[in-house]
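Everything below concerns the one structure shown next.
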Amino acid sequence: MYDFRIEAGDKAELWRQVVGAADALTAGEPDAVANMANVAALLWEALPDLNWSGFYRNVGGELVLGPFQGRAACIRIPFGKGVCGAAAQSLEPQRVDDVHAFPGHIACDAASASELVVPVVHEGALIAVIDLDSPRTARFDEQDVAGCVELARLLAPRLTLVEKASAAR
Ligand code: SME
């Protein structure tokens, strides 16, 4: 059983603990699905006010649903569509205070009000995006962006090892 007891006074400390726990969960584990699944669960448990946390993977130039917590979601998202597709196309984090005002937002869960999507890039290539949804408008701030970017940096080489191993055979 993993019990990280993440209780932080401020947001920067909360993200430090989340990244530390994600490091412990994924270090030395070559299975990308296992790593995404555990990190989705960690984010879900540690971050307040979420209704969805998880991954979309870059599968041949299209985003395909990966491990997540929350309600069943859209399976395929083209690059450039919605908040996730914008992050995939631009390779830049997308922080949206009000998803209803975002052109092309894809409403998987009507409860979502704000969203943060951060690309996971390894050696210049998009591997996946981390997607966080909240039922609260303007739930995410620049500290969340910084923390999630740090998490994406940690995870990038740990979400590719299976593909690399099989490609080497
Ligand atoms: N709302 C997202 C789609 C994914 S769900 O939120 C899980 C978007 O606009 O990209």
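For Leu25, indicate whether it is outside any helix (DSSP H, G or I), among the aliphatic types (A, V, I, L, M) and within 19 Å of Arg158 (Cα to Cα). When the stated conditions are applied, Leu25 does not pass them. Considering only the range 32-60, state which residues are surrounded by 18 or more Cβ atoms within 10 Å (Cβ to Cβ) and away from the ligand (no atom under 16 Å from the Cβ). If the condition is that a residue be surrounded by 18 or more Cβ atoms within 10 Å (Cβ to Cβ) and away from the ligand (no atom under 16 Å from the Cβ), then Ala32, Asn35, Asn38, Leu42, Ala46 are the ones that fit.
Check off (1) more than 9 Å from the ligand (Cβ to nearest atom); (2) assigned to a loop (DSSP other than H, G, I, E, B); (3) charged (D, E, K, R) for Glu13 and give me the number that stays unchecked. Among (1) more than 9 Å from the ligand (Cβ to nearest atom); (2) assigned to a loop (DSSP other than H, G, I, E, B); (3) charged (D, E, K, R), Glu13 violates only (2).
Identify all residues within the range 66-75 that are more than 8 Å from the ligand (Cβ to nearest atom) and part of a strand (DSSP E or B); write none if there are none. Result: Gly66, Pro67, Gln69. Counting only residues that are over 13 Å from Leu91 (Cα atoms), among the small types (Gly, Ala, Ser) and not in a strand (DSSP E or B), the range 121-155 holds 3 of them.
The single condition among (1) more than 26 Å from Cys74 (Cβ to Cβ); (2) under 13 Å from the mean Cα position of the chain (by Cα) that Ala27 does not satisfy is (2). If you take the residues of the range 76-110 that are out of contact with any strand residue (DSSP E or B) (no Cβ under 7 Å at 6 or more places or on another chain) and in a helix (DSSP H, G or I), which of them is nearest to the ligand (Cβ to nearest atom)? Within the range 76-110, the match that is nearest to the ligand (Cβ to nearest atom) is Gly82.
Leu132 meets each of the listed conditions (1) under 11 Å from the mean Cα position of the chain (by Cα); (2) closer than 21 Å to Ala27 by Cα apart from (2).
None of the figures in this text is laboratory data; all of them are computed from the coordinates on show. What you see is a predicted model, and the numbers here were worked out from it, not measured in a lab. Note that we place each Cβ from the backbone using ideal geometry, even for glycine, and neighbour counts take in every protein chain shown.
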